[in-house]
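A quick write-up on the structure given underneath.
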Amino acid sequence: MNKKIASELAIGVILLAAVIVGGIFLAQDVRQSFFGGAAKGENKQVAAPIKPVAQPEKKQQAAVNDPENGKCVAKLYEGEASLRGTYELTTIPGSTKKDWMFKIVKEDIEKLPDPAKEEKNGIISSLLFIEDLTPALAAKLKKATEEKPETITIKGFYLDCEGVSVVSIEPARLALAKYIKKTN
């Protein structure tokens, strides 16, 4: 084999290997940034707590029950939390309409953002509406009982001032996008 061809071949192989290794590292970085650092095989229990979505500074510091103007400020949170509960057909608070709601067990209310734990009319609401519920997950949740609650991992939480709070199984910015406009 010609020495010139052999050296060009060696350079080509080295460049190809460098591109492949760089692509692998780039793909891992993109996956970590998209999934928040939790790859498929990693333990989901060590996920970051639910925290507020970045908003303008003034809105970020506003309390949910704003004492200055006496009105509630809606908030959108993202992060991960595993919640146990049952799926019940119940009357929506403040309405006469019935819908399927996820009712959290009392011990897991502590996993919600602080403003969601505040009392409304003397009670802490344990009802959540799952925005991006799949038929398979709905069937699984309907089998849950109070003695054997089902666990879901939420990635988004929208604190609604007037009705039931909304959660998402998918990342908050995707599943709860329509609520982002309401918080700004």
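Please treat every number below as a calculation from the coordinates, not as lab data. Only a predicted model underlies this, so the values are computations on that prediction, with no experimental measurement involved. Here Cβ is always computed from backbone atoms with ideal geometry, including for glycine, and neighbour counts include all displayed protein chains.
FRET efficiency for the pair Asp132 and Val21, taken as 1/(1 + (r/R0)^6) with r the Cβ-Cβ distance and R0 = 35 Å, rounds to 0.45.
The residues neighbouring Ser126, those whose beta-carbon lies less than 9 Å from its own, together hold a net charge of +1 under the Lys/Arg +1, Asp/Glu -1 convention.
What pairs from Lys75/Lys155; Lys75/Lys103; Lys106/Lys178 go past 23 Å between their alpha carbons? Violating the 23 Å limit, Cα to Cα: Lys106/Lys178.
In what sequence, highest mean first, do 12-20, 152-160, 82-90, 125-133 appear when ranked by Cβ atoms within 10 angstrom? The partial results should precede the final answer.
Numbers: 12-20: 9.9, 152-160: 22.7, 82-90: 17.0, 125-133: 18.8.
My ranking of the peptides, most packed first, is 152-160, 125-133, 82-90, 12-20.
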